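Engineer: For reference, the structure I am asking about is given below.
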Amino acid sequence: MSGPARLDVRVTPGAKTSAWAGRMPDGRRKVKIAAPPIDGRANHALLAFVAASLGLPPRAVRLTHGAGGRDKRLEIDLAVDELERRLAAVAAAGDA
């Protein structure tokens, strides 16, 4: 592994359920998160959701930018090509 991969996402907190919600025109992934944007709950739920979706332990996904906004940057303990493979598998399963 060459180091952690980066994943830029646009988050919609307070959704009915947590789910991948497609892509933005610039390529960022959209994620709906069921937790409200109060006291960091949506951020914690985002990290747990992404980790579970990618088959990783929660500690393998970290928020590096955007804690107070909808646009966030995550650092994920995977090689870039492996991250892309897992995201493609999630999309093929209809979850992204």
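Every number in this text was worked out from the coordinates using simple rules, so none of it is lab data. Just so we're clear, the structure is a prediction, and the values are computed from it rather than from any experiment. Note that we place each Cβ from the backbone using ideal geometry, even for glycine, and neighbour counts take in every protein chain shown.
Engineer: Pulled fully out, how much extra length does the chain show between L56 and T17, if you take 0.36 nm times their separation in residues and subtract their Cα-Cα distance?
Structural biologist: Extra length available between L56 and T17 comes to 12.0 nm.
Engineer: I would also like to ask the following. As a footprinting exposure proxy, order D71, D39 by other Cβ within 10 Å, with the fewest listed first.
Structural biologist: Final ranking by Cβ density, sparse to dense: D39, D71.
Engineer: Can you give the extra length, in nm with one decimal, that the chain gains between A79 and A34 once fully stretched, where that is 0.36 nm per residue apart less the Cα-Cα distance?
Structural biologist: 13.4 nm
Engineer: Per residue, how much space in cubic angstrom lies within the convex hull of the C-alpha atoms of the chain?
Structural biologist: 91
Engineer: With the contact rule set at Cα under 8 Å and sequence spacing of 6 or more, what percent relative contact order holds for the chain? Let's see the in-between values first.
Structural biologist: Details: 169 pairs, mean separation 31.5, N = 96.
Relative contact order here is 33 percent.
Engineer: Need the full-extension length gain, R70 to A89, defined as separation in residues times 0.36 nm minus the C-alpha distance. One decimal, nm.
Structural biologist: 4.4 nm
Engineer: So what's the angle, to the nearest 10 degrees on a 0 to 90 scale, between helix 41-54 and the longest Cα principal axis of the chain?
Structural biologist: The helix 41-54 is inclined about 30 degrees to the chain.
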